[in-house]
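The values are calculated or read from the model by the stated rules, or taken from the named source; none is laboratory data. Please read all numbers here as calculations on a predicted model, not as lab measurements. A quick note on method: Cβ atoms are made from the backbone with ideal geometry, for glycine too, and the neighbour counts reach across all protein chains shown.
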Amino acid sequence: MIAQRLKPETAAIAVIPAEPTHAYALRALSLTAYYATTEEAAFWYKPEEFISRMQAFPEGQFVAVHLPTNEIVGYTSGMRFNFDPSVPFTETWDHTTGFG
């Protein structure tokens with residue numbers, strides 16, 4: 001892992017490609033960042049959804065790792081899909097993302 005090769009003296013946080021092993025930490029971070037209730041948490045940010053994104057578009061998924069603790073402290077998630085600006089975009093988020 002790239003983050004383990006960097007020295008904490010030179011960098012406290014490293015941004016690296018997301019890996020499936022990060023999925024549970026990404027879920028926990030998302031639930032904290034978006035103040036999800038217990039009820040919402042049952043439906044939001046399943047680890048499988050993060051893994052699905054990594055499989056569909058690995059080049060667009062990154063995590064920020066706090067090097068001294070190896071804790072995931074941030075992430076970004078991108079997606080690619082066909083979009084025609086001349087056609088109104090009316091489908092749901094679930095449909096657009098394939099439910100994840």
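For this structure, a couple of remarks:
- Filtered by the rule that a residue be in a helix (DSSP H, G or I), more than 14 Å from ALA28 (Cβ to Cβ) and not hydroxyl-bearing (Ser, Thr, Tyr), the stretch 50-65 gives ILE51, ARG53, MET54, GLN55, ALA56, PRO58, GLU59, GLY60.
- Residue within the stretch 71-93 that is within 12 Å of the chain's Cα centre (by Cα) and of a type in the set (Asp, Glu) present: no
- Residues being at pLDDT below 85 and either touching a Phe, Trp or Tyr at 6+ places or on another chain (Cβ under 8 Å) or not in a loop (DSSP other than H, G, I, E, B) (or both) - total across the stretch 71-83: 5
- Residue match in the stretch 47-56 (condition: among the aromatic types (Phe, Trp, Tyr), at pLDDT 90 or above and surrounded by 12 or more Cβ atoms within 10 Å (Cβ to Cβ)): no
- Residue within the stretch 1-16 that is within 23 Å of TRP93 (Cβ to Cβ), at pLDDT 85 or above and not acidic (Asp, Glu) present: no
- Meets criteria (assigned to a loop (DSSP other than H, G, I, E, B) and among the small types (Gly, Ala, Ser)) for SER86: yes
- Flag for PRO68 being in a loop (DSSP other than H, G, I, E, B), out of contact with any strand residue (DSSP E or B) (no Cβ under 7 Å at 6 or more places or on another chain) and modelled with pLDDT of 85 or more: yes
- For the stretch 22-46, a tally of residues being under 20 Å from THR96 (Cβ atoms) and either free of Cβ contacts under 8 Å to residues at least 24 places away in the same chain or in a helix (DSSP H, G or I) (or both) returns 7.
- Scanning the stretch 34-56 for residues that are among the hydrophobic types (A, V, I, L, M, F, W, C) and within 12 Å of the chain's Cα centre (by Cα) yields a count of 3.
- Residue identified as at pLDDT below 85, exposed (fewer than 12 other Cβ atoms within 10 Å of the Cβ) and at negative phi among GLU91, GLU40: GLU91
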